[in-house]
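Q: Structure provided below as structure tokens; questions to follow.
The values are calculated or read from the model by the stated rules, or taken from the named source; none is laboratory data. All values reported here derive from a predicted model rather than from experimental measurement. Quick reminder, even Gly has a Cβ in these numbers, built from the backbone with ideal geometry, and neighbours come from all protein chains shown.
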There are 2 protein chains.
Amino acid sequence: MTYCVGMLCRNGAVFLSDSRTSAGMDNVTMRSKMRIYEKPGDRVICIMSSGNLSLTQATLAMIDDDLVLGDGDPRKKHIMNRQTLYETVRYIGSKVRTVEKRDRAALEADGFAFNINLIVGGQIAGMAPEVHQIYPQGNSIHATRDCPFLQIGEAKYGKPILDRGFTYETDLCEAVKFGIVSLDATIKSNVSVGPPVDILCYETDSLQVSKRMRLEKDDPYLAEIGRKWQDGIVKLVNEMPAADFGKPALGYASAA
Amino acid sequence: MTYCVGMLCRNGAVFLSDSRTSAGMDNVTMRSKMRIYEKPGDRVICIMSSGNLSLTQATLAMIDDDLVLGDGDPRKKHIMNRQTLYETVRYIGSKVRTVEKRDRAALEADGFAFNINLIVGGQIAGMAPEVHQIYPQGNSIHATRDCPFLQIGEAKYGKPILDRGFTYETDLCEAVKFGIVSLDATIKSNVSVGPPVDILCYETDSLQVSKRMRLEKDDPYLAEIGRKWQDGIVKLVNEMPAADFGKPALGYASAA
């Protein structure tokens, strides 16, 4: 499985992804799920993917082919020449639909689900940063001020911390920490999600990739966050007031 | 949906359940998912349930019928006369199988899944406390020192905090706090899980229900835990060291 999260803030957007892929217990491998397309001063587009690896790779391969074959030709659609991020997302969605038409029947015939989920975000010059999610059907939703983060893959383990602490007004640097803690919780609780962790911290109007990092399994920063988080929340639970069982119980059902 | 967790400790066992049931957006109701059977000095048995309400109620109704019809008659099996907790669990599992034989086909014909999951725990005099989980197939697993908690329903949101902090050696009073925080995280992130929260804190060899409580939606203790937890983890994230994007990025993929 996978865990990717895209977080929209007033000052930019943060993207995090894990790198574990599995096709059965004896076929666990490591692959980055984050692709970044950059034309400094013009646009930065980040794509994160979850689902069947052959399907997500097929989608990205078609996007890359269009770029190689069509770059410089304004009549040909590609990922770097759409006018808005929404148009870019529709273009990527059309590739998902192409893959669906081509591969779905063959997969389902052997009991495999058709399964592609993408997060696409970034900024095009003159417009605001955006974060979108593309479904296996090729349609999409986008993050808003009220719902500022989108997740794909094993989303549940890492959701409570974002629900509690992350908002559109969160500082970019703090958003990165929330993202790492969210991903760390997922890695801790689900063996199918694992490092390296790819992080892109995109600042509004920078229009270039200046803050990007990959944290390997034994990265001391990742270990430090994990340790401090673990110690901190255990301490926090210990500091909670104890339940008072002295009160009479309600709704008591017993059989003797 | 539902969230229930059963936690096995050196000094006893803790059981927590939410109370929200839903059969569609316009049919959300409140029902306790915790049943306790008690014969002081002899045994305490706690059953928590998740799944299709008509199926879990059918299972419990059959257990209650056996008790009413068979109590006092040692030849008739019922929930209060099995010799061990494992035998009790097998007895309950046989009821799940009876419901399966009777109702599964009718449900599946209309597209409903056959879905009963139970946590059963407690203690019988002369034996150690145990916590078991019964699957829709009627078979079971039990908690151990290495895997001291079992969850049913919406289990993922509340798993990270238990993975990090709860162990078999955790003090009973602390275990209750871990359980409340785990349930609170689930309530916060999933609208299908909600209060009242039922809690049973069972002390080894007490062989009676002495610590039981129900926390209603507006219970000040539940609100206090929620507020302190929220403030505490946000502060904890803020205190984490910031990511250092000064290092050269690895595995960088870009297209310009």
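Q: Hey, could you check the range A:153-163 for residues that are outside any helix (DSSP H, G or I) and within 9 Å of another protein chain (Cβ to nearest Cβ) and say which is farthest from B:Val234 (Cα to Cα)?
A: Among those that are outside any helix (DSSP H, G or I) and within 9 Å of another protein chain (Cβ to nearest Cβ), it is A:Glu154.
Q: Look at the range B:1-45 and say how many of its residues are polar (S, T, N, Q) and free of Cβ contacts under 8 Å to residues at least 24 places away in the same chain.
A: 2
Q: Looking only at the range B:129-138, decide whether some residue is closer than 23 Å to B:Gly41 by Cα and of a type in the set (Asp, Glu).
A: yes
Q: Assess whether B:Ala125 counts as being more than 16 Å from the chain's Cα centre (by Cα) and free of Cβ contacts under 8 Å to residues at least 40 places away in the same chain.
A: No.
Q: Name the residues in the range A:96-113 that are modelled with pLDDT of 95 or more and closer than 16 Å to A:Ser49 by Cβ, would you?
A: A:Val96, A:Arg97, A:Thr98, A:Val99, A:Glu100, A:Asp103
Q: If you don't mind, another one. Quick check, is B:Gly93 in a strand (DSSP E or B) and either under 28 Å from B:Phe149 (Cβ atoms) or at pLDDT below 95 (or both)?
A: no
Q: Step by step: first the residues of the range A:37-55, then only those that are among the aliphatic types (A, V, I, L, M) and in a helix (DSSP H, G or I), then the one that is modelled with the lowest pLDDT. Which residue is that?
A: Residue satisfying both the conditions and the ranking: A:Leu53.
Q: Still on this structure, please answer the following. Please specify each residue of the range B:164-179 satisfying the condition of being within 7 Å of another protein chain (Cβ to nearest Cβ) and crowded, with 23+ Cβ neighbours inside 10 Å.
A: B:Val176, B:Lys177, B:Phe178
Q: Considering every residue within the range A:184-192, establish whether at least one is surrounded by fewer than 18 Cβ atoms within 10 Å (Cβ to Cβ), away from every other protein chain (no Cβ under 11 Å), within 27 Å of A:Asp219 (Cα to Cα) and of a type outside the set (A, V, I, L, M, F, W, C).
A: yes
Q: Sticking with this structure for a sec: Within the range A:139-150, identify whether any single residue is over 24 Å from A:Asp65 (Cα atoms), free of Cβ contacts under 8 Å to residues at least 12 places away in the same chain, assigned to a strand (DSSP E or B) and of a type in the set (A, V, I, L, M, F, W, C), and answer yes or no.
A: So far as the range A:139-150 goes, yes, one or more of its residues are over 24 Å from A:Asp65 (Cα atoms), free of Cβ contacts under 8 Å to residues at least 12 places away in the same chain, assigned to a strand (DSSP E or B) and of a type in the set (A, V, I, L, M, F, W, C).
Q: From the list A:Gln83, A:Gln133, pick out the single residue that is more than 14 Å from chain B (Cβ to nearest Cβ), at pLDDT 95 or above and over 18 Å from the mean Cα position of the chain (by Cα).
A: Within the list A:Gln83, A:Gln133, the selection yields A:Gln83.
Q: Which members of the range B:104-116 meet the condition of being within 30 Å of B:Asn81 (Cβ to Cβ) and surrounded by fewer than 23 Cβ atoms within 10 Å (Cβ to Cβ)?
A: Within the range B:104-116, B:Arg104, B:Phe114, B:Asn115 meet the criteria.
Q: So how many residues does the range B:227-243 have that are within 7 Å of another protein chain (Cβ to nearest Cβ) and more than 16 Å from B:Ile187 (Cα to Cα)?
A: 10
Q: Looking at this structure, is B:Ala58 surrounded by 13 or more Cβ atoms within 10 Å (Cβ to Cβ), out of contact with any strand residue (DSSP E or B) (no Cβ under 8 Å at 6 or more places or on another chain) and part of a helix (DSSP H, G or I)?
A: yes
Q: Filter the range B:201-218 down to the residues that are of a type in the set (A, V, I, L, M, F, W, C) and facing chain A (nearest Cβ under 9 Å), then identify the one that is surrounded by the most Cβ atoms within 10 Å (Cβ to Cβ).
A: Taking the candidates together, the pick is B:Cys201.
Q: In this structure, does B:Leu60 turn out to be within 11 Å of another protein chain (Cβ to nearest Cβ) and either touching a residue at least 24 places away in the same chain (Cβ under 8 Å) or touching a Leu at 6+ places or on another chain (Cβ under 9 Å) (or both)?
A: For B:Leu60, the condition - within 11 Å of another protein chain (Cβ to nearest Cβ) and either touching a residue at least 24 places away in the same chain (Cβ under 8 Å) or touching a Leu at 6+ places or on another chain (Cβ under 9 Å) (or both) - is met.
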